[in-house]
1. Given (1) modelled with pLDDT of 90 or more; (2) under 30 Å from Ala3 (Cα atoms); (3) basic (Lys, Arg); (4) assigned to a helix (DSSP H, G or I), where does Arg76 come up short, assuming only one miss?
2. Give me a count of the residues in region 13-35 that are more than 31 Å from the chain's Cα centre (by Cα) and of a type in the set (D, E, K, R).
3. Here are Leu5, Leu57: which of them is outside the structural domain of Glu120 (by TED's automatic domain parsing) and in contact with a helix residue (DSSP H, G or I) (Cβ under 7 Å, 6 or more places away or on another chain)?
4. If a residue must be touching a residue at least 12 places away in the same chain (Cβ under 8 Å) and small (Gly, Ala, Ser), how many such residues does region 36-77 contain?
5. Tally up the residues in region 83-139 that are in contact with a helix residue (DSSP H, G or I) (Cβ under 7 Å, 6 or more places away or on another chain), at pLDDT 75 or above and not aliphatic (A, V, I, L, M), please.
6. Taking the residues in region 13-27 that are free of Cβ contacts under 8 Å to residues at least 12 places away in the same chain and of a type in the set (A, V, I, L, M, F, W, C) as candidates, determine which candidate is farthest from Pro40 (Cα to Cα).
7. Look at Leu70 and say whether it is surrounded by fewer than 12 Cβ atoms within 10 Å (Cβ to Cβ), assigned to a helix (DSSP H, G or I) and under 13 Å from the mean Cα position of the chain (by Cα).
8. Does region 12-24 include one or more residues that are out of contact with any helix residue (DSSP H, G or I) (no Cβ under 6 Å at 6 or more places or on another chain), exposed (fewer than 10 other Cβ atoms within 10 Å of the Cβ) and not assigned by TED's automatic domain parsing to the domain that holds Glu103?
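The values are calculated or read from the model by the stated rules, or taken from the named source; none is laboratory data. Fair warning: this is a prediction, and the values are worked out from it, not measured in the lab. Note that we place each Cβ from the backbone using ideal geometry, even for glycine, and neighbour counts take in every protein chain shown.
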Amino acid sequence: MTAVLMRKRLAMLEPIDDDGRRLLKRMAPGRVVSVEIKRPRNVLFHRKFFAMLNLILQNQEYYKSVDDLLDVCKLRIGHVKVVQTKRGEERIPKSISFAEMDETAFADFYDRAVDWVVTEVIPCLKKDDRGRELMEFAA
């Protein structure tokens, strides 16, 4: 499968680069193709999330690494794969890699992670202030 970046223009999608235009040009008129719509991930948004985790890690003594903090975050917000074992259900943290999540899915994950931070990790931070304060440190 070939991935092509497209942009919505009125009621149509158009390729944004030469590779996409060449691919579209090779298609016969009227040919039906399957299209998967995904918003590419914003690397700056991803970095902001890890900046938040690093700030939390530096200001506490419980978690030993960003990976530990990230795993606990995933478990607490339910970003897990549930596996049935002899002893019952096991929850395994799922990936947040660029290949696994598009921008829409990551934005949802980020919002749930911030909610976890302000309710369990830094409960004295008011919900109304969460966006402003958490965005300020990562800017």
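1. Single failed check for Arg76: (2).
2. 3
3. Working: Leu57 fails: outside the structural domain of Glu120 (by TED's automatic domain parsing).
Result of the check over Leu5, Leu57: Leu5.
4. Total meeting the criteria: 1.
5. Adding up the residues that qualify gives 8.
6. Filtering region 13-27 down to residues free of Cβ contacts under 8 Å to residues at least 12 places away in the same chain leaves 14-16, 18, 21-22, 25-27.
Cutting the leftovers down to of a type in the set (A, V, I, L, M, F, W, C) gives us 16, 27.
Numbers: Ile16: 13, Met27: 24 Å.
Checking each candidate, the answer is Met27.
7. Working: surrounded by fewer than 12 Cβ atoms within 10 Å (Cβ to Cβ): no; assigned to a helix (DSSP H, G or I): yes; under 13 Å from the mean Cα position of the chain (by Cα): yes.
When the stated conditions are applied, Leu70 does not pass them.
8. Within region 12-24, the subset out of contact with any helix residue (DSSP H, G or I) (no Cβ under 6 Å at 6 or more places or on another chain) is 12-14, 16-24.
Among the residues that remain, those that are also exposed (fewer than 10 other Cβ atoms within 10 Å of the Cβ) are: 12, 18.
From what is left, the residues that are not assigned by TED's automatic domain parsing to the domain that holds Glu103 are 12, 18.
Yes, region 12-24 has at least one match.
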